[in-house]
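The numbers here are math on the coordinates, done by the rules we state, and not lab data. This one's a predicted model, so the numbers in the text were calculated from it and none came from an experiment. Cβ coordinates were reconstructed from backbone atoms using ideal geometry, including for glycine residues, and neighbour counts include every protein chain displayed.
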Amino acid sequence: MKTRKVQLKVTRTDTWFPVYEVPADMDDDAVETYINSEAPDEVFDEYHNTYTLDTDTYCEVMDHFLQ
């Protein structure tokens, strides 16, 4: 069987929805600033959020072929 090599583009998008406690008096803008400055693993590490992790993977053949 003849074969050929092709170059693929694989794109993966990971999305998760962590729950994190913040001070009750903060508005949404203050919460974003607080979370970004704290950078807790409970929010930013997908391995801590596997229960809500949603992954989309796309694969496409590129326009050119490898020789």
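Results, tabulated for the structure shown:
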| item | result |
| --- | --- |
| Simple Cβ-charge dipole of the chain, Lys/Arg +1 and Asp/Glu -1, about Cα centre, in debye nearest 20 | 1220 |
| Extension gain (nm, one decimal) between Val31 and Asp45, 0.36 nm per residue minus Cα-Cα | 3.3 nm |
| Residue (of Tyr20, Pro40, Val10) at the positive-pole extreme of the chain, dipole from beta-carbon charges | Val10 |
| Sequence-separation-based contact order of the chain, relative, with Cα cut under 8 Å and 6+ spacing, percent | 62 |
| Semi-axis lengths (Å, descending) of the ellipsoid that matches the C-alpha gyration tensor of the chain | 42, 13, 9 |
| Estimated distance in nm for a label pair at Arg4 and Glu38, the labels positioned 7 Å out from Cα along Cα-to-Cβ | 5.5 |
| Tyr20-Leu53 FRET efficiency (beta carbon distance; Förster radius 22 Å; 0.05 resolution) | 0.90 |
| ³J(HN,Hα) computed for each position of region 22-33 - Karplus, 6.51 cos²θ - 1.76 cosθ + 1.60, integer Hz, glycine/proline x | 10, x, 5, 8, 7, 7, 4, 5, 5, 5, 4, 4 |
| Estimated [θ] at 222 nm from DSSP helical runs (n ≥ 4, -39500 (n - 2.57)) normalised by residues in the chain, nearest 500 | -6000 deg cm²/dmol |
